[in-house]
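Read through the structure below, which is laid out as structure tokens, and then see the notes.
Just so it is clear, none of the values below were taken in a lab; they were calculated from the coordinates. Source: prediction; values computed, not measured. Note that each Cβ is placed from the backbone with ideal geometry, even for glycine, and that neighbours are counted across all protein chains shown.
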Amino acid sequence: MLQPLTVVLLVSSGVLGLLAAHHLVRGRLVDDPLIIVGAAIELALLVQLVVGLTKASAIGDGAERATFIAYLFTVLLVIPATIVIAVKEKTQWAMAVVLGGALVVAILVARLQQVWSLNV
Amino acid sequence: MSEPTPTSAETTGNPAVERPHTGHGFGRVLVAVYGLLALAATGRSILQITEYFDRAPVPFLLSAVAALIYLVATIGLARGDRASVRLATIALTVELVGVLAVGTWSILRPEAFPEKTVWSHFGAGYGYVPLVLPLVGLWWIRRTARASAASDAEVARSAD
């Protein structure tokens with residue numbers, strides 16, 4: 001859809017995943033760097049939402065377009081939900097949740113790209 | 001799951017905090033995964049029902065039922081009180097029976113499932129997560145129940 005943005009999103013979710021893995025091993029909990037990376041991803045996802053919505057009409061098939069738009073919105077929920085759960089948990093499981101969240105964002109971004117490239 | 005060192009040390013003096021809860025520790029991961037599945041299944045079923053319901057009504061209705069069950073399981077595990085856990089146990093059992101029945105059905109009669117659902121082919125489209133998750137969830141509920149029974153016994157003993 002917008003390749004540089006997709007690359008940025010995949011790389012930044014990779015960074016979040018690595019940071020969470022690092023914290024998991026070191027026994028650390030949610031801290032500022034983690035929140036900052038999460039916020040950066042969320043910002044990029046919002047840009048993706050705007051870009052995606054303006055370009056969505058390029059997808060001819062109505063159902064596929066609906067899927068695309070649904071993914072654009074759904075992916076926004078993952079990071080905030082992940083951080084809320086992780087902040088409440090005071091054991092290493094918090095970082096397991098963040099790691100999973102980063103993975104889910106990457107998968108959803110890849111799926112968005114897939115829906116886009118198959119239908120335009 | 002091994003007890004993480006920092007918290008177990010700091011909570012030993014307080015049995016109220018220590019009491020096992022289905023939504024704490026490893027339970028957070030379960031709640032997160034169930035929440036995600038609830039979201040995915042709800043989204044998919046809304047889309048299927050509004051955009052092309054006539055194409056395959058049965059699988060689409062099953063998606064909606066699955067979405068509801070995931071929602072109940074998520075809330076039940078996250079709340080963690082006695083009634084919620086009982087509700088979650090029922091939801092997880094129905095989920096397990098559902099994924100096994102629909103999985104078998106979709107393999108025996110593939111023509112009944114022209115469209116994918118969360119449960120067809122034992123959840124292969126979702127990396128078999130729908131098959132494994134209820135087993136893990138039921139194990140976790142059982143483990144938590146036993147651990148809390150043990151901690152209650154401990155509290156009762158120390159009160160004597």
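Some notes on this structure:
- Packing-based order for A:94-103, A:52-61, A:14-23, B:21-30, using average beta carbon neighbours within 10 Å, highest first: A:94-103, B:21-30, A:14-23, A:52-61
- Ordering A:His23, B:Ile75, A:Phe73 by the projection of their Cα atoms onto the charge dipole of the protein assembly as shown, which places +1 on the Cβ of Lys and Arg and -1 on the Cβ of Asp and Glu, puts B:Ile75 at the extreme positive end.
- Surface/4 of the Cα convex hull for the protein assembly as shown, nm²: 15.9
- In the range B:51-122, the inverse of the mean reciprocal separation of distinct Cα atoms equals 12.9 Å; this is its Kirkwood hydrodynamic radius.
- Cα-centred dipole magnitude for chain B, charges only on beta-carbon of K, R (+1) and D, E (-1), debye, nearest 20: 160
- Share of alpha-carbon pairs per 10 Å distance bin for the range B:16-57, given as whole %: 26, 29, 21, 16, 7, 1
- Between the range B:30-64 and the range A:18-69, the C-alpha centres lie 22 angstrom from each other.
- Kirkwood hydrodynamic radius of the range B:23-153, from the reciprocal of the average inverse Cα-Cα distance over all distinct pairs: 15.1 Å.
- Alpha-carbon gyration tensor eigenvalues x 5, square-rooted, for the range A:3-105, Å: 30, 13, 10
- Residues A:Val11 and B:Ile90, FRET efficiency given R0 of 51 Å [Cβ-Cβ distance, rounded to 0.05]: 0.75
- Segment B:Glu111-B:Ala149, length gained on full extension (0.36 nm per residue, minus Cα span): 8.9 nm
- Charge dipole of the protein assembly as shown about the Cα centre (unit charges at C-beta), most positive-ward option of B:Ala101, B:Leu37, B:Pro130: B:Ala101
- FRET efficiency, 1/(1 + (r/R0)^6) with R0 30 Å, evaluated for A:Asn119 and A:Val47 via beta carbons: 0.90
- Relative contact order for chain A, counting Cα pairs under 8 Å that sit 6 or more residues apart, in percent: 42
- Taking 17 Å as the straight-line reach from the Cα of A:Lys90, the aspartates and glutamates in range (excluding those fewer than 8 positions away in the same chain) are A:Asp31, A:Asp32, B:Glu3, B:Glu10, B:Glu18.
- Relative to the current alpha-carbon distance between B:Val132 and B:Ser158, full extension at 0.36 nm per residue lengthens the span by 5.5 nm.
- In this calculation the C-beta distance from B:Thr50 to B:Arg142 is compared with R0 = 35 Å, giving a FRET efficiency of 0.35.
- According to the Kirkwood relation over distinct C-alpha pairs, the hydrodynamic radius of the range A:48-120 is 13.3 Å.
- Extension gain, A:Gln3 to A:Ala58, is 18.2 nm, computed as 0.36 nm per intervening residue step minus the present C-alpha separation.
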